[in-house]
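The structure appears right after this line, and notes come after that.
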Amino acid sequence: MGTGIKLGPRAAVFVAVLLAASAVGILTPTLSNMVSKDVQVTGFAVSLTVDGIPGTVSPGDVFRVKATMANNGNRPVPAVLRMEVRNPNTTIPDELTVYAGCGAEEVISGTRLIYYIGWQGPLLAPKGRSFPAGAFLSSVAGAMGSAEYWPSVLNEIRERDLAGYESLIDPGRNASAGVRNSGSALLKVLNYYGMATSAKPDSSNLGDWTLSVAFSEQFVAYGGGAQDGFLVEVHPQSRGSFQFKLWVERPDGLGIPHHPYTCGPL
């Protein structure tokens, strides 16, 4: 004979009412006080300082602009330099040539040009961190500790540049076997930004990889190893005046790999 509980008519009605009340939330009281907090974000993620733009030039002059980006964030931040040049005298701004490591120019109007100086980055190290070119990635990983921001940086790459992300993760069409097979998000990220190199590219050992450029909270766009900025040439036929405005943005579509405007003089 089976065992169980037999419900009479009243009990059955009670259960039905209980279930109905739960369905509409009547029997779900709040068990705690409510806590509300406001968080204010102070300052910019990246600070920019610019030196080297002269007050006056002669036709044919060349000058070097030192634009220094400094990370104020507590995580790695990819950043590119944008420069707008206006010529209010209606002569076209392409009477300037910008010589930078990587970049492109976007024609906005007959008197205004936007220069995109950078690739997908550089990737700036968290505030207070600096590693010189040639440092082993094993040392970088050890010094960075167990920070959990690398997955978020990889997620940003995936959202902006799916093909570049897949080259690091799956199916690995472009990156070396060592990067694809590595479990280190740090190696994948630094390789993506062109900041890692190895004589053994098939190795996943961080001790076989070094920084090809400095991984630092500060970066001069785009001065190469000398960190001395980029060149601007004023063409001989230029006249009137040029107005420069510079700022830093996160990478956009112009920075993805294999874009026709990836690297070279602008």
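Readers should treat all values here as calculations from the given coordinates under stated rules, not as data from a laboratory. Everything numeric in this text was worked out from a predicted model, so none of it was measured.
Rounded, prolate or oblate: pick one for region 133-212, where a ≥ b ≥ c are the square roots of the eigenvalues of its C-alpha gyration tensor, a/c under 1.5 means rounded, and failing that, prolate if a/b is larger than b/c, else oblate. It comes out oblate by the Cα gyration axes.
Extension gain, SER36 to GLU148, is 37.7 nm, computed as 0.36 nm per intervening residue step minus the present C-alpha separation.
Once the chain from ARG250 to GLU106 is taken as fully extended at 0.36 nm per residue, the excess over their C-alpha distance is 50.2 nm. Distances between placed amide hydrogens fall under 5 Å for LYS127 paired with GLY73, ASN74, ARG75, all partners being 5 or more residues away or on another chain. Coupling constants for region 54-68 follow from the phi torsions by the Karplus curve (6.51 cos²θ - 1.76 cosθ + 1.60, θ = phi - 60°), and in residue order they are x, x, 9, 9, 9, x, x, 5, 10, 9, 10, 9, 10, 9, 9 Hz; glycine and proline get x. Amide H contacts for SER212 (H built 1.01 Å from N in the peptide plane; partners 5 or more residues away or on another chain; cut-off under 5 Å): GLY134, ALA196, THR197. Excluding same-chain neighbours fewer than eight residues apart, the lysines reachable from LYS127 by a Cα-Cα span under 30 Å are LYS37, LYS66, LYS188, LYS245.
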